[in-house]
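Asks: Attaching a single structure in structure tokens format; questions to follow.
The values are calculated or read from the model by the stated rules, or taken from the named source; none is laboratory data. Bear in mind the structure is a predicted one, so any value in this text is a computation, not a measurement. Virtual Cβ from ideal backbone geometry, glycine too; neighbours counted across all protein chains shown. Remember, those area values only see protein heavy atoms, side chains included, never the ligands or the DNA or RNA. Shrake-Rupley method; radii C 1.70, N 1.55, O 1.52, S 1.80 Å.
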Amino acid sequence: MKIALLGWGTVAKGAADALEFNKDTEIVKVLVRKEKPELGSRAVWSIDEIVNDPEIDLVAEVMGGEEPALTYVKAALSAGKHVVTANKLMFSLHYEELLALAREKGVSIAFSATAGGGIPWLINLQRMKRAGAIESLGGIMNGTTNFILDAMTNEFSEFEDVLAIAQQLGYAEADPTADIDALDVKAKLALSCDCAWDVMIDPASLPAMGIRYITSEDIEAFRSIGMTCKLMGRAERTEKGEIAAYVEPMLFPKDAPEAGVPGAGNIISAVSSTAGKMSFSGGGAGRGCTGAAVAGDVLDIAEGISVFDSACCNARVAASNENIIHRYYLRIDDAVEMKETSVAEMNRSVQAALAQGRRVFAASFVE
């Protein structure tokens, strides 16, 4: 199978490394924006050179960002080429449209690298739902924030210092907004819900509270009561059949599995009506983890066995969080209070305070 890569960054290079182990696939073209001498004649500057090449069977989109990635993926699908994507932002915003286009053109679109890094999370979620209804799902979905929280908890460090280390190690970008403001987890959680319940969760309805303003004093307050803070994405089917979905820091007892996840690790779980709770853990950030997930999707499609061929989207729905009640630790500037309220109301309060320029951090207690 002849493959084209869209992009030549960290994930693309990781995928290329992983694909070297399989001689039935060949990367013949790579779309680039700058000179890449190491690619030689494989480097191309226009998407047309890829979509108009009849020898290319599959396009792997590893660029990131919404555009031009969306336009390029649609062009590849329209040209009858299989697509693998690692782009959680673009795919979470256009899940319904891209699945429909792939089915219309009779090609596969696979996306295991969009959530879970090197964990085979979405693949297993797709399989689980075929043998039982998914009742709930969630976990630590961002390796960068887990690295930060783990270091603050165990090394008594300040947020800004640990963030700088994460950037030096390549876990965090120069602009860490997507990670520390929970936008990355928001996209991954939306895609997990899409996959579990065959609907598209409207990302605008999914609240996300991050860790930008967590302090060592917060961490010490949690430690004093035997709790550990982790950034979590959570979703569940409500009694009314709606989907509650949200991202927020959560406080776990020290003996909880989530509390013990170190460094840039992830742990994501789902509860099935037939199989009960199943958890998946592993590396959540870096070239090797995500690159291997991209390569795995490529090889599945090459062998004609992609589990994502059964993915579908029957509706677009909004997350419903008004009746999900948590007990919260809430700090606005230097004032701390404990508050019991709904996920939706707490998110509104936090966003209002942030809009006023306040330094806000909130975390819910896992009951």
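Asks: Kindly provide the GluC sites (Glu not before Pro) of segment 36-84 that DSSP labels as loop, not H, G, I, E or B, and whose Cβ sees at most 16 other Cβ atoms within 10 Å. Intermediate values should be presented prior to the final figure.
Replies: Values: sites: Glu38, Glu49, Glu55, Glu61, Glu66; in loops: Glu55, Glu66.
Sparse-neighbourhood loop GluC sites (Glu not before Pro): Glu55, Glu66.
Asks: Amide H neighbours of Glu61 under 5 Å, counting only residues 5+ apart in sequence or on other chains, H built in-plane at 1.01 Å?
Replies: It is Leu6, Val84, Thr85, Ala86, by chain and number.
Asks: Run the reach check for Lys13 against aspartates and glutamates, Cα to Cα strictly under 13 Å, same-chain hits fewer than 8 apart removed. What comes back?
Replies: Glu38, Glu61
Asks: Oh, and also: How many Å³ per residue does the convex hull of the Cα positions in segment 198-349 occupy?
Replies: Dividing the Cα hull volume of segment 198-349 by its residue count gives 161 Å³.
Asks: Can you work out the FRET efficiency for the pair Asn22 and Asn52, with r the C-beta to C-beta distance and R0 = 22 Å, to the nearest 0.05? Don't skip to the end; give the middle numbers.
Replies: Values: r = 26 Å, r/R0 = 1.18.
The value I calculate is 0.25.
Asks: Quick check for you: with a 1.4 Å probe and neighbouring chains kept, what is the accessible area per residue of the chain, in Å²?
Replies: Working: 15290 Å² over 367 residues.
That works out to 42 Å² for each residue.
Asks: Roughly how many percent of the accessible protein surface of the chain is carbon and sulfur, given a 1.4 Å probe and a whole-percent answer? Write out the running numbers ahead of the final one.
Replies: On the way: 7500 of 15290 Å².
Accessible surface attributable to carbon and sulfur in the chain totals 49 percent.
Asks: Quick one: putting +1 on the C-beta of Lys and Arg, -1 on the C-beta of Asp and Glu, what dipole do you get for the chain around its Cα centre, in Debye to the nearest 20? Numbers along the way, then the final one.
Replies: Values: 34 positive and 51 negative charges, 96 e Å.
Once rounded to the nearest 20, the dipole reads 460 debye.
Asks: Still on this structure, I have one more. What percentage of all Cα-Cα pairs in segment 77-192 are separated by more than 21 Å?
Replies: Distances greater than 21 Å cover 49 percent of the Cα pairs.
Asks: Please give, to one decimal in nm, the separation of the simple spin-label points placed at Lys34 and Glu303, each 7 Å out from Cα toward the Cβ.
Replies: About 3.7 nm separates the two model spin labels.
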